[in-house]
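Read the structure below first, then the notes.
The values are calculated or read from the model by the stated rules, or taken from the named source; none is laboratory data. Model, not experiment: these values are computed from the prediction. All Cβ positions, even for glycine, are placed from backbone atoms using ideal geometry, and neighbour counts span all protein chains on display.
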Amino acid sequence: MANILIVDDENRIRSILRILLESRGHSIDEAENGITALEKLEDHEFDLVISDIRMDGMGGKELLSEIKAREMGCPVIFITAYASVESSIDALRLGATDYLVKPFDEDQVHIAVERALGFGKIIFENVMLQKRLKNNIREENAVFVSKAMKKVEELALKVAKSDATVLITGESGVGKEVVARFIHASSDRTRDRFVPVNCAAISPSLMESELFGHEKGAFTGASNRTEGKFEFANNGTLFLDEVGDLPHGAQAKLLRAIQEKAFSRVGGNKEVELNIRLICATNQNLEQMVKEKKFRHDLYYRLAVFPIEVPPLRERKEAIIPLSIAFIKKYGKMGDYDGEIITLGGQNVLKGFAWPGNVRELANAMERVMILKSGKLPVTAEDFGFLNIDGKSAIFEGGFDLSPSGIDYDKLQKQIVLQALEMANDNKSSAARLLGLSRARFRTLVKLVDGE
């Protein structure tokens with residue numbers, strides 16, 4: 001049953017609709033004009049709004065505009081006193097899902113409500129999709145913020161205009177799928193599916209069936225014809241991640257599919273025409289695998305028509321903070337929060353860490369921090385205490401080389417202590433931890449630095 005808001009300046013009309021709809025188990029609330037209705041919509045979730053078009057203060061048209069502008073994902077049925085083709089067209093042109101004519105016919109009311117509720121699910125899903133897309137755009141903007149990634153972005157935009165096969169290489173976790181999705185979103189195929197497939201996660205014995213589908217009776221348990229990922233992605237983009245893990249049998253069939261732009265299902269003879277953009281990704285050295293005869297050389301050259309290498313996060317440190325902020329907003333559900341998100345000390349810790357797991361590790365770290373802090377901001381250096389490798393602080397992971405001309409040890413010691421305090425927001429316990437010292441030893445250093 002649904003939560004329905006009835007908006008009309010006539011109490012009699014609201015009462016009639018309430019009686020009709022409550023008889024079907026719906027929960028009803030009322031508002032005498034658009035302004036009151038909007039307040040109720042801000043405070044509560046409704047599955048449907050039934051509103052008169054003409055009301056004092058704010059009419060149904062203005063209310064519908066506000067519902068759309070605020071992305072409330074709620075369908076609207078208009079109430080009109082005129083049963084004409086013009087009035088119905090006008091209502092639908094404004095964005096209403098349906099209209100009711102006074103005086104009401106009971107059956108028509110229930111039919112219109114059920115139809116609108118079904119349509120409302122589509123509206124809600126579309127609103128949620130748009131919000132997810134906005135989050136993805138924010139993350140993509142952060143991903144492409146560095147000079148190294150700007151070059152990747154330029155290449156991606158150029159190849160998006162064609163249907164050339166793309167091979168994206170780079171370490172695990174650098175964001176190869178983000179680049180693939182960016183190419184798809186920038187291409188003419190953006191209205192069709194983007195279908196990701198992790199080749200490493202599929203059993204070799206099932207690989208061909210997963211990719212190309214199978215006919216009924218093709219093997220034990222194949223009780224129905226099933227379409228594979230290629231068929232599912234037709235007209236869109238197929239993304240084969242970890243393509244280096246494809247078994248040789250699947251490699252041969254993939255090569256033929258690319259060459260002939262067609263394939264046949266496992267156990268079938270009929271060819272299915274293929275119209276897709278193929279993007280592949282790997283963290284392996286395919287050229288070396290070709291030399292070792294672990295990967296077909298003819299397939300490699302077919303896949304590497306347009307290679308794009310995604311650099312590791314340690315080579316694009318200017319992206320670390322923007323990415324961290326994007327992930328914190330995502331996992332902390334901050335929306336457009338504009339206060340301090342990461343302190344200067346926290347930022348120094350993040351930029352000093354090597355991030356062997358790249359962007360994926362960074363995302364996981366931000367999610368962990370937001371869980372531990374229950375979403376409270378800002379994030380400080382102390383919150384990143386878990387970012388250690390072999391017990392050594394990430395900040396000094398690179399080591400220290402003594403200059404042949406010597407150093408001013410006292411000055412260096414003072415700088416290290418002051419940096420540790422800054423990163424830890426003057427929390428001595430946290431600063432001591434950053435230097436791998438006991439609190440007592442660190443207090444002694446502080447006194448020496450202060451000249452006590």
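Among the residues of the range 39-54, those identified as crowded, with 19+ Cβ neighbours inside 10 Å and not charged (D, E, K, R) are Leu41, Phe46, Leu48, Val49, Ile50, Ser51, Ile53. Of the residues Ile416, Ile371, Ile395, the single one that is modelled with pLDDT of 80 or more and surrounded by 13 or more Cβ atoms within 10 Å (Cβ to Cβ) is Ile416.
Checking the conditions here, which among Lys216, Lys151 is basic (Lys, Arg) and over 25 Å from the mean Cα position of the chain (by Cα)?
Working: Lys151 fails: over 25 Å from the mean Cα position of the chain (by Cα).
Lys216 is the lone residue from the list that is basic (Lys, Arg) and over 25 Å from the mean Cα position of the chain (by Cα).
Does Leu211 fit the bill of being modelled with pLDDT of 80 or more, over 15 Å from the mean Cα position of the chain (by Cα) and either assigned to a helix (DSSP H, G or I) or of a type in the set (Lys, Arg) (or both)? Criteria met by Leu211.
Residue by residue through the range 326-348, note down the ones that are under 16 Å from Glu361 (Cβ atoms) and in contact (Cβ under 8 Å) with a residue 60 or more places away in the chain.
The first filter runs over the range 326-348 and keeps only residues under 16 Å from Glu361 (Cβ atoms), leaving 326-328, 330-331.
If the condition is that a residue be under 16 Å from Glu361 (Cβ atoms) and in contact (Cβ under 8 Å) with a residue 60 or more places away in the chain, then Ala326, Phe327, Lys330 are the ones that fit.
The residue pairs whose first member lies in the range 71-86 and is on the phi > 0 side of the Ramachandran plot, whose second member is surrounded by 11 or more Cβ atoms within 10 Å (Cβ to Cβ) and modelled with pLDDT of 85 or more, and whose beta carbons are closer than 9 Å, counting only pairs six or more residues apart or on different chains, are Gly73/Ile67. Would you be able to say whether some residue in the range 47-66 is in a loop (DSSP other than H, G, I, E, B), under 35 Å from the mean Cα position of the chain (by Cα), modelled with pLDDT under 80 and not assigned by TED's automatic domain parsing to the domain that holds Lys330? Within the range 47-66 (the criterion being in a loop (DSSP other than H, G, I, E, B), under 35 Å from the mean Cα position of the chain (by Cα), modelled with pLDDT under 80 and not assigned by TED's automatic domain parsing to the domain that holds Lys330), the answer is no, since none of the residues qualifies.
Number of residues in the range 295-350 that are in the same structural domain as Ala363 (by TED's automatic domain parsing) and farther than 21 Å from Gly173 by Cα: the value is 16. Among the residues of the range 17-35, those identified as assigned to a helix (DSSP H, G or I) and either within 17 Å of Ala2 (Cα to Cα) or free of Cβ contacts under 8 Å to residues at least 24 places away in the same chain (or both) are Leu17, Arg18, Ile19, Leu20, Leu21, Glu22, Ile35.
For the range 222-282, which fully contained strands (runs of 3 or more DSSP E) count at least 1 residues that are within 29 Å of Val174 (Cα to Cα)? Steps first, answer last, please.
Details: elements: 237-241, 262-264, 271-273, 277-282.
Result: 237-241, 277-282.
Within the range 368-388, residues that are farther than 18 Å from Glu422 by Cα reach partners that are assigned to a strand (DSSP E or B) with beta carbons closer than 9 Å, at six or more positions or on different chains, in the pairs Val369/Val379; Met370/Val379; Lys373/Val379. Pairs meeting the criteria (first residue in the range 401-420 and part of a helix (DSSP H, G or I), second residue modelled with pLDDT under 70, beta carbons under 6 Å, at least 6 apart or on different chains) are lacking. Among the residues of the range 419-429, those identified as of a type in the set (D, E, K, R) and either surrounded by 14 or more Cβ atoms within 10 Å (Cβ to Cβ) or at pLDDT 80 or above (or both) are Glu422, Lys428. Taking the criterion of being over 14 Å from Asp47 (Cβ atoms) and within 41 Å of the chain's Cα centre (by Cα), the residues of the range 1-16 that qualify are Val7, Asp8.
In the range 241-271, the residue that is nearest to Ala222 (Cα to Cα) out of those that are of a type outside the set (A, V, I, L, M, F, W, C) and in contact with a Leu (Cβ under 9 Å, 6 or more places away or on another chain) is Lys253. Of the residues in the range 158-166, at least one is in a strand (DSSP E or B) and at pLDDT 90 or above.
Applying a threshold of 7 Å to beta carbon distances and a minimum spacing of six or more residues, or different chains, the list of pairs starting in the range 297-320 at a residue that is closer than 14 Å to Ala354 by Cβ and ending at one that is of a type in the set (S, T, N, Q) and assigned to a helix (DSSP H, G or I) reads Pro312/Asn358; Leu313/Asn358. Candidates are the residues of the range 180-200 that are touching a helix residue (DSSP H, G or I) at 6+ places or on another chain (Cβ under 6 Å) and in a helix (DSSP H, G or I); the one that is surrounded by the most Cβ atoms within 10 Å (Cβ to Cβ) is Ile183.
From the set of residues in the range 36-46 that are assigned to a loop (DSSP other than H, G, I, E, B) and not hydrophobic (A, V, I, L, M, F, W, C), which is nearest to Ala96 (Cα to Cα)? The residue in question is Glu45.
Taking the numbered list (1) among the hydroxyl-bearing types (Ser, Thr, Tyr); (2) modelled with pLDDT under 90; (3) buried (at least 22 other Cβ atoms within 10 Å of the Cβ) in turn, Ser324 passes all entries but (2).
Determine if the range 20-30 includes at least one residue that is surrounded by fewer than 22 Cβ atoms within 10 Å (Cβ to Cβ), at pLDDT below 85 and not polar (S, T, N, Q). Checking the range 20-30: not a single residue is surrounded by fewer than 22 Cβ atoms within 10 Å (Cβ to Cβ), at pLDDT below 85 and not polar (S, T, N, Q).
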